[in-house]
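**Q** Shown below is the structure under consideration.
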C-alpha cells in the first residue's frame with residue numbers, strides 16, 4: 001500500500017533565505033530528532049543541492065537499529081522545489097517533494113511524501129502501529145526546529 005504524508009509550515013522570512021537554508025544538505029541533521037541518531041556520511045557536501053546528487057546517512061528510525069539511508073535528488077527548481085527519493089533504506093519507496101511558495105508576509109513550505117513499506121501486509125500493519133506516528137513526530141520536531149531557527153534570523 002502506498003501512503004502519503006503532507007506537512008505545511010509558514011515561515012516568516014524571504015524566499016532566498018528559506019531556499020538557501022533548505023537546499024543546503026548540511027542542515028538536515030539539525031532537523032532530525034536526536035533519538036534517530038542521524039548522521040551524514042557523505043563528505044564534502046556542497047552548500048546547495050543539485051540534480052542527481054546522492055547523499056548517504058546513518059539513521060535509526062525504529063528501535064535504535066542503525067541503517068544506511070541513501071537518497072538522490074532527482075529534481076531541483078531554484079527557489080521553488082526539489083525532490084529527493086530513497087535509493088537504499090528502510091522504505092520500499094520514498095518520494096519527498098519540498099515546495100516553497102511566497103505568500104503574504106513569508107513563505108509557505110510544503111512537504112509531500114509518498115512512501116511504501118516493505119513486507120506487504122506486515123509492512124502495512126507496522127505502518128498503522130508505528131511508522132505513521134514516527135513520521136508525524138519527525139515533522140512535529142522539524143516544525144519546531146524550523147520555527148526556532150527562523151525566529152532567530
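No value in this document is a laboratory result; all are computed from the given coordinates. From a predicted model like this one, the values you see are computed outputs, not experimental measurements. Glycine gets a Cβ as well: all are built from the backbone with ideal geometry, and neighbour counts include every protein chain shown.
**Q** Here's a check for you: in the range 51-80, which residue that is surrounded by fewer than 17 Cβ atoms within 10 Å (Cβ to Cβ), within 27 Å of residue 8 (Cβ to Cβ) and without any contact (Cβ under 8 Å) to a residue 40 or more places away in the chain is nearest to the chain's Cα centre (by Cα)?
**A** Out of the qualifying residues, it is 72.
**Q** Which ones in the range 28-54 are in contact with a helix residue (DSSP H, G or I) (Cβ under 6 Å, 6 or more places away or on another chain) and closer than 19 Å to residue 77 by Cβ?
**A** Matches in the range 28-54: 49 only.
**Q** Can you name every residue in the range 15-40 that is part of a helix (DSSP H, G or I), within 14 Å of residue 137 (Cβ to Cβ) and without any contact (Cβ under 8 Å) to a residue 60 or more places away in the chain?
**A** Within the range 15-40, 34, 35 meet the criteria.
**Q** Quick one: count up the residues across the range 94-120 that are surrounded by fewer than 18 Cβ atoms within 10 Å (Cβ to Cβ), over 14 Å from the mean Cα position of the chain (by Cα) and either more than 18 Å from residue 7 (Cβ to Cβ) or without any contact (Cβ under 8 Å) to a residue 24 or more places away in the chain (or both).
**A** Residues in the range 94-120 being surrounded by fewer than 18 Cβ atoms within 10 Å (Cβ to Cβ), over 14 Å from the mean Cα position of the chain (by Cα) and either more than 18 Å from residue 7 (Cβ to Cβ) or without any contact (Cβ under 8 Å) to a residue 24 or more places away in the chain (or both): 8 in total.
**Q** Further, regarding this structure: Quick one: which residue in 88, 144, 70, 132 is touching a strand residue (DSSP E or B) at 6+ places or on another chain (Cβ under 6 Å) and within 21 Å of residue 33 (Cβ to Cβ)?
**A** 70
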